[in-house]
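Asks: Pasting a structure below so you can have a look.
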Amino acid sequence: MVDDASITTQVKAKLLEDDITKGIAVSVQTFDGTVTLIGAVESQAQIDSASRIARSVKGVKAVDNRLKIKDK
């Protein structure tokens with residue numbers, strides 16, 4: 001079983017490696033395998049990519065994506 005701290009670390013690392021999500025300021029929290037993403041981003045593509053990346057990490061049961069697009 002993968003622990004929550006490992007999941008959080010892996011999600012953060014993958015977000016930094018991805019061309020679409022690198023550089024975005026996102027809080028990543030994990031509790032019982034559910035990853036919560038919180039923050040403000042530039043585009044819907046970043047929101048979608050962050051969800052996809054979080055779901056790809058082993059041990060993730062669900063993703064609660066609370067990312068919002070920044071006001072211009």
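Asks: Each label point is 7 Å from the Cα along the Cα-to-Cβ direction; what then is the distance between the points at residue 9 and residue 56, in nm?
Replies: 2.0
Asks: Shifting gears a bit: For helix 4-17, report the angle its Cα long axis makes with the longest principal axis of the Cα atoms of the chain; keep it between 0 and 90° and round to the nearest 10°.
Replies: For helix 4-17, the angle is close to 40 degrees.
Asks: Hey, what angle do you get for helix 44-56 against the long axis of the chain, alpha-carbon based, 0 to 90 degrees rounded to 10?
Replies: 10
Asks: Starting from the Cα gyration tensor of region 4-69, take the square roots of the eigenvalues, sort them a ≥ b ≥ c, and report rounded, prolate or oblate (rounded when a/c is under 1.5, otherwise prolate if a/b is larger than b/c, else oblate). Working shown, then result.
Replies: On the way: a/c = 1.84, a/b = 1.49, b/c = 1.23.
Verdict is prolate for region 4-69.
Asks: Within the chain, how many lysine pairs that are 8 or more places apart, or on different chains, have C-alpha atoms less than 18 Å apart?
Replies: Taking the chain as the scope, the lysine pair count is 9.
Asks: How much net charge surrounds residue 33 when only the other residues with a Cβ under 15 Å from the Cβ of residue 33 are counted, with Lys and Arg +1 and Asp and Glu -1? Walk me through the numbers before you get to the answer.
Replies: On the way: positive: 55, 58, 61; negative: 3, 4, 32, 64.
It works out to a net charge of -1.
Asks: Tell me the mean residue ellipticity at 222 nm calculated for the chain from its helices only (DSSP H runs of n ≥ 4, each -39500 (n - 2.57), averaged over every residue, nearest 500). Numbers along the way, then the final one.
Replies: Values: 2 runs with 27 residues, N = 72.
Calculated mean residue ellipticity at 222 nm is -12000 deg cm²/dmol.
Asks: Now a separate question. Given H placed on each backbone N at 1.01 Å, which residues far from residue 33 in sequence or on other chains put an amide H within less than 5 Å of it?
Replies: Amide H neighbours of residue 33: none.
All of the numbers you see were taken from the coordinates with simple rules; none came from a lab. As the structure is a computational prediction, the values presented were derived from the model and not from experiment. Virtual Cβ from ideal backbone geometry, glycine too; neighbours counted across all protein chains shown.
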